[in-house]
Structures are given as structure tokens and as C-alpha cells.
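Notes follow once the structure below has been shown.
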Amino acid sequence: MSKVDIYTNGNVITCEEDKKTVEAFAVKDGNFIAVGSKEEVMKAAGKTGIFHDLQGKTVVPGFFDSHVHFVQTGLNALAIQLHHCKTIMEVLETIKSAPKAARGIIRAVGFDESALKEKRYPTMEELDDAVGNRALWICRIDSHASVVNSMAFQQLELPEDTAGIVKDEVGRPTGVLKQEANSLTRGYVLESTTTEERIKAVKAAERIALAKGVTVVNALEGGKLFHDNDAEFLLQHKEELKIEVVLFYQTTDVKKVLEKGLKRIGGCVILDGSIGSRTAAVSEAYFDDPSTNGVLYFQDEALREFVLEAHRNGLQLTVHALGDRAIQQIIDTYKYCQEVFPRKDHRHRIEHFELATEEQIKEAAAMGLIVSMQPAFECFWGGADGMYRERLGEVRGCKTTPLGLVVKHKGIAVGGSDSDVTAIDPLLGIQGAVTHENEEHRVSPYEALKMFTIHGAYGVFQEDCRGSIKTGKIADFVVLEKNPLTTEAKVIKDIAVLKTYVAGEEV
């Protein structure tokens, strides 16, 4: 006979009704079998179960991270880390002193020139001095730009006219690579990753996620910024993991996805780039570089052809659209597809949706589109001294991540990290959502919690089995040190995750 685990004396936020809390629940065979008062739970579950005293701690549903590059997160965890660097010298010293494999290209990640005192990329010469005759690749924190030393640039053998090779005033490559050059470089680096490295990487990513209370990830794998081998690897190995992995194959090859029996396609199928790299497609030119207003990577006709094929075949679809020009392009495309081939409850998505206008927010909500957003971005690049202000100016710089307007217009927003652009950490995301500098863009702690729980489940058609604490659902839940709904907003990220459970098992 299966054992029954009965949890009592808790502050259990169910996410099932508006701010509904209970004190107890019971779990059997991986599912919640009773939720309510201690008396109600014991009546339903019996008195012979194993009792667990929650000692007043807060319990929430297992978190969803709705935008993770899961394999890349693990691989990057094994690379040289530059997130902490504040000067060029610190970047170079970190690379010099870090342990390195005996052969192969040296990989460093987490670089953000906007956080450096010098506000620039290191030169090829500086990187050559740091690593000698070894090839070195540095990934910008948003994955939309890279910088390499001269040995790596030689090995890449990029055609001279490749879009995105940044050159100096006399026409020499600087080592900074954007657009197509960045995609080709990432493909070159990731092509050499072995199966053994990917196994280590995925196990590392799983540990990171579970430690932060994440029980379900939307893994956006493959494509131009990453490598199709990542998606193929997860298809073969995701059942070996304790965490639930929902795969989005980042490809425009609809036939391939259908043949693999997948239900969804896309992810960072990039319509534009990022604000940090000045490649997000915005209507007005960048404040700190008036020569550009970003890049649209798809022609309208090609995008329509891809989206309509996926739509006709019943797939859930999502693409990367960050700037308002790219957002309008995908909204218009989804609208066209619905006119040509009407579908109910498609739950198509837009990843990032970072610089959406209020009119676009209204349109997306009316069309039933899900917007997949990363509120932790505001913790790193928002605010008066943040990168958004540098790139976009005072007015636009505080209009990023407009979650409050999404809620106002009854849209559905799901929360993610874009790991490892920012770390897998839903509590940090919740903090970012409730402390947005623009009051109009803030949401309540409960709305933010729903982004990472019940809305996350809805975002992948799992609201009937996950995302809330309810009788009959899978018993994914997290025990927190404090209540995120009542904790001071600016320290929500510091709440300790005490325990994480997947299907009733402490992991």
C-alpha cells in the first residue's frame, strides 16, 4: 500500500484562487490527494500517514522557468565566468588565471561591456596577451555578440563580407562579432562540444534549477544562437532527469519537428537582437548610437511562410521579438495566420516582448497570445544608471518589461530567466516584477508569483496537472523560508529555498 505524506502547519499559497492559502495538504503516489485545513486533509487522507510539520513556513507550487537555454546554461556553468568583472583589467586577469583545458577553444561567458568602467570590449591584442597562442571566445551576456582573439578569428575563416564583423576606422576586424558573424561563431564553438560535456552540463543545469525551486523548465534549444545538437541531446536524455523539461526546438523546419512528434516549435528563432548589442529592432534610433535602430532578421514573406506552416499543423509556436518593430512583425504575422486558418486556443507566444507599446499589448491580449518575459532583466539593466537608459535614453529607458500593462489589459505573461543571461532564480524574477522603477509597469507580488507558477503551466498546456496546489495535480512544491507576498519587495530574492519536491519526492 502506498504511503501518504501529510504536511501541516504551513502557509500554503495554492495559486488556485486569488491569494487563497491553506494550512495543510496530503500527497500520495506523486499527486496531491487533499488540500485544505488540517481537519479536512486528515479526513480525506486518513490518520495513518507520515506527518510533516511545516513549522509555519511558506509553501508555493513548484516554479516554472518559461525561458531557459538549458544545455547552454550547463555548458556556460563549466566555462570561465566574467559576470563579476567591472574593468577590462579584471576581465583579462580572470581569463589569465582561470583553469583551462589542455586543448580546444577557451570559452568565457557572462561578459557585459556596459557594466565595465571602460564601457568597451577588450581588443584582439589584449586578448592575445591574456592567452598566448590559444584560441579564445568570449560570449556577451545576451548571446547576441561575441569577441574573439586573433587565433580564434583565424580559425573561424569567416568570409570578409559576413554581416556583423565589427571593424576599426581603417577596416581591420576588432574581434567583436554581431549578427550573422556571431551566429556562425557560436555554431563553430558549440559544434565541438562532446556528448560527455553535454551530460555534465545538463546535470549541472538541473542542480541549479532544483536548488532555486524550479520543477519545470521550458528548454529553448537549437537554432542560430545555439546548436541543434543541444535539442537532439535533450530529446534523448530528458526522461533521465528529475526536472520536467518542456522542449521548444528552435528551428524553422516544421517537418523535422512533426517527425519527432513534438507539439511546439520555436523559442529564440530570432526576429531581432538585443538592446545591449543594439540589434533589437526599435522604431527610433538608439540614443547612444543614432546610426542604427536595430536589425530585423526575417523578411515578412519568409516569416509568414514558416509561421503559417507551423500554425496549420497544430503546433504551438513562439519567436524572439524584443523591440517594437519585431513585436509588430510577429503580431501581424499571427493575425494573418488566424485569418487564413482560424484556430482556437493556439497559445502562440512571443519571447521577451521587452519594448512593446501599449497598443501592441492590447493586440496581443485580444489575440490570446502569451508573452514570455524576463523581469529579472530590470534588476540588472533598469534604473537611472542602467544599460537601458544608456542605449535608449531617459524616456524609452524606463519603458522596458511592461508587465503592469499586460496585467491591466488582461494578458497572460509567463516568467523566465533567459538563463544564463540571468540566473535561473524565480524569486529574483518576482522581485524584478514588483520593484520595476516605472510604477505603471510593476505588478503585485501575487501576480508575479502566478507568472512563475500557474501562468507558466498555462503557457505549455499543463494547467490541468501542474502550476497550483490542488487535489489531483502533480505534487510539485517548494518550501520557502519566508512569504514572498509579504516580504519587503527589495529583498524577495534573498528568501531561502529550503526544499524542492518533484511529484512528492524531495529533490
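Considering segment 481-493, and only residues there that are exposed (fewer than 15 other Cβ atoms within 10 Å of the Cβ) and among the charged types (D, E, K, R), the residue that is nearest to residue 14 (Cα to Cα) turns out to be 481.
As a summary of the residue check, residue 159 satisfies the conditions (1) in contact with a Leu (Cβ under 7 Å, 6 or more places away or on another chain); (2) over 17 Å from residue 122 (Cα atoms) except for the one numbered (1).
Among the residues of segment 51-73, is any under 26 Å from the mean Cα position of the chain (by Cα) and open to solvent by 20 Å² or more (accessible area, probe 1.4 Å)? For segment 51-73, residues under 26 Å from the mean Cα position of the chain (by Cα) and open to solvent by 20 Å² or more (accessible area, probe 1.4 Å): absent. Within segment 135-150, being in contact with a helix residue (DSSP H, G or I) (Cβ under 9 Å, 6 or more places away or on another chain) and either more than 19 Å from residue 99 (Cβ to Cβ) or surrounded by fewer than 17 Cβ atoms within 10 Å (Cβ to Cβ) (or both) holds for 140, 141, 143, 144, 145, 146, 147, 148, 150. Applying the condition of being open to solvent by less than 10 Å² (accessible area, probe 1.4 Å) and β-branched (Val, Ile, Thr) to segment 423-434 and asking which residue is farthest from residue 467 (Cα to Cα) yields 424. With respect to residue 386, is the statement that it is buried (at least 24 other Cβ atoms within 10 Å of the Cβ), free of Cβ contacts under 8 Å to residues at least 60 places away in the same chain and closer than 15 Å to residue 142 by Cβ true? In short, no. Annotation note: of 332, 272, the sole residue that is crowded, with 24+ Cβ neighbours inside 10 Å, free of Cβ contacts under 8 Å to residues at least 60 places away in the same chain and not aliphatic (A, V, I, L, M) is 272.
Just name the residue that is nearest to residue 487 (Cα to Cα) out of those in segment 406-422 that are open to solvent by 10 Å² or more (accessible area, probe 1.4 Å) and modelled with pLDDT of 95 or more. Result: 407.
For segment 248-267, the set of residues classified as open to solvent by 10 Å² or more (accessible area, probe 1.4 Å) and among the hydrophobic types (A, V, I, L, M, F, W, C) consists of 258, 262, listed by residue number.
Being open to solvent by less than 20 Å² (accessible area, probe 1.4 Å), in contact (Cβ under 8 Å) with a residue 12 or more places away in the chain, farther than 18 Å from residue 485 by Cα and touching a strand residue (DSSP E or B) at 6+ places or on another chain (Cβ under 9 Å) is a description that applies to residue 459. Return yes or no: is residue 347 of a type in the set (D, E, K, R), open to solvent by less than 30 Å² (accessible area, probe 1.4 Å) and in a loop (DSSP other than H, G, I, E, B)? Criteria met by residue 347.
As a summary of the residue check, residue 478 satisfies the conditions (1) in a helix (DSSP H, G or I); (2) hydrophobic (A, V, I, L, M, F, W, C); (3) open to solvent by less than 40 Å² (accessible area, probe 1.4 Å) except for the one numbered (1). Consider segment 208-247 and keep the residues that are polar (S, T, N, Q) and open to solvent by 10 Å² or more (accessible area, probe 1.4 Å). The one that is nearest to the chain's Cα centre (by Cα) is 229. With respect to the conditions (1) closer than 20 Å to residue 279 by Cα; (2) buried (at least 20 other Cβ atoms within 10 Å of the Cβ), residue 106 falls short on a single one, namely (1). Within segment 1-21, being in contact (Cβ under 8 Å) with a residue 40 or more places away in the chain, assigned to a strand (DSSP E or B), under 22 Å from residue 456 (Cα atoms) and open to solvent by 10 Å² or more (accessible area, probe 1.4 Å) holds for one residue alone: 11.
The sole residue among 172, 120 that is open to solvent by 20 Å² or more (accessible area, probe 1.4 Å) and without any contact (Cβ under 8 Å) to a residue 12 or more places away in the chain is 172. Of the residues examined, residue 97 is one that is under 30 Å from residue 195 (Cβ atoms) and loosely packed, with under 15 Cβ neighbours inside 10 Å. Of the residues 295, 282, the single one that is under 30 Å from residue 395 (Cβ atoms), of a type in the set (Val, Ile, Thr), within 23 Å of the chain's Cα centre (by Cα) and open to solvent by 10 Å² or more (accessible area, probe 1.4 Å) is 295.
When restricted to residues that are more than 20 Å from residue 463 (Cβ to Cβ) and outside any strand (DSSP E or B), segment 22-41 contains 7. Here is the figure for segment 39-70: residues that are among the basic types (Lys, Arg) and at pLDDT below 95 total 2. Residues considered: 493, 499. Of these, the only one that is within 29 Å of residue 53 (Cα to Cα), in a strand (DSSP E or B) and at pLDDT 95 or above is 499. The criterion of at least 3 residues that are of a type in the set (Lys, Arg) is met by the following helices (runs of 4 or more DSSP H) wholly inside segment 355-408: 387-396.
The values are calculated or read from the model by the stated rules, or taken from the named source; none is laboratory data. Remember, it's a predicted structure, so these values are computed and weren't measured experimentally. Using ideal geometry, Cβ is built from the backbone for each residue, glycine included, and neighbour counts are taken over all protein chains shown. Calculation scope for accessible area: heavy atoms of the full protein, side chains included, ligands and nucleic acids excluded. Shrake-Rupley method; radii C 1.70, N 1.55, O 1.52, S 1.80 Å.
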